[in-house]
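Please read the structure below before turning to the comments.
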Amino acid sequence: MLKILCVVALALTTISSAYAAPEPKDPKKQTSWGLYLTATEAFELKQAKGADVLFVDVREPIEIMFTGFTDIVDINIPYLLVNPAKWNAKKPVLAMEPNPEFAASVKMALSARGLDQSAPVILMCRSGGTRGAPSANALQGLGLKQVYVVVDGFEGSVSKEDPNGPWRRVNGWKNAGLPWGYKLDPKKIHLRSFE
């Protein structure tokens, strides 16, 4: 019996270590769970565990419309929402503000799929930068056990050596050759009222 338990423990350790990108050096990209995946590892984990994993795209739906989406994702719950009535004071773009329903929506998505707090949750933003870890940290207090951040995001990192400009051609979901396209699934994309 002890031998069987040791084999099972070893198998579980092998599975969890198979999906383990290094912790980002930047503290702003770190989470209290300390669980990180590359886009390829996220794809592999979702393929291996299927419906037992909740895969959330945390990007704004308007962004997804222009940059693409993957049906491997279970649901789009934006961490930040565009405020079309406000300008960003630091950048020449519209303001983005925290989605007040983000954590509650993740909790509802788990429940709707029959998953509990022990189920793995994967969060993916554009590049793994400004929304990955903050979206994970927004889930503190829900009692979740496994919250993973995709460190290279959907579009990946900027290539500084590209002679054509600063394109996102390094790592990420799209650059890894994983399935994606511009066709959006209305059942998965976050919709909100502008009343």
| task | Given the peptides 132-141, 86-95, 35-44, arrange them by the average over their residues of other C-beta atoms within 10 Å, most packed first. | result | 35-44, 132-141, 86-95
| Peptides 119-127, 104-112, 59-67: what's the order by average Cβ count within 10 Å, highest mean first? | 119-127, 59-67, 104-112
| request: Return the inverse of the average 1/r over all pairs of distinct C-alpha atoms in region 92-188, which is the Kirkwood hydrodynamic radius, in Å to one decimal. | output: 15.4 Å
| request: Fewest Cβ neighbours within 10 Å first, please rank 192, 113, 131 accordingly. | output: 192, 113, 131
| request: Could you run the Karplus curve 6.51 cos²θ - 1.76 cosθ + 1.60 with θ = phi - 60° over region 98-109 and give me ³J(HN,Hα) per residue in whole Hz, x for Gly and Pro? | output: x, 6, x, 9, 4, 4, 4, 5, 5, 4, 5, 5
| 5 Å-binned pair-distance histogram of region 20-175 (Cα, whole percent) | 2, 9, 18, 22, 22, 15, 7, 3, 1, 0
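Readers should treat all values here as calculations from the given coordinates under stated rules, not as data from a laboratory. Everything numeric in this text was worked out from a predicted model, so none of it was measured. Cβ atoms come from the backbone with ideal geometry, glycine included; neighbour counts cover every protein chain shown.
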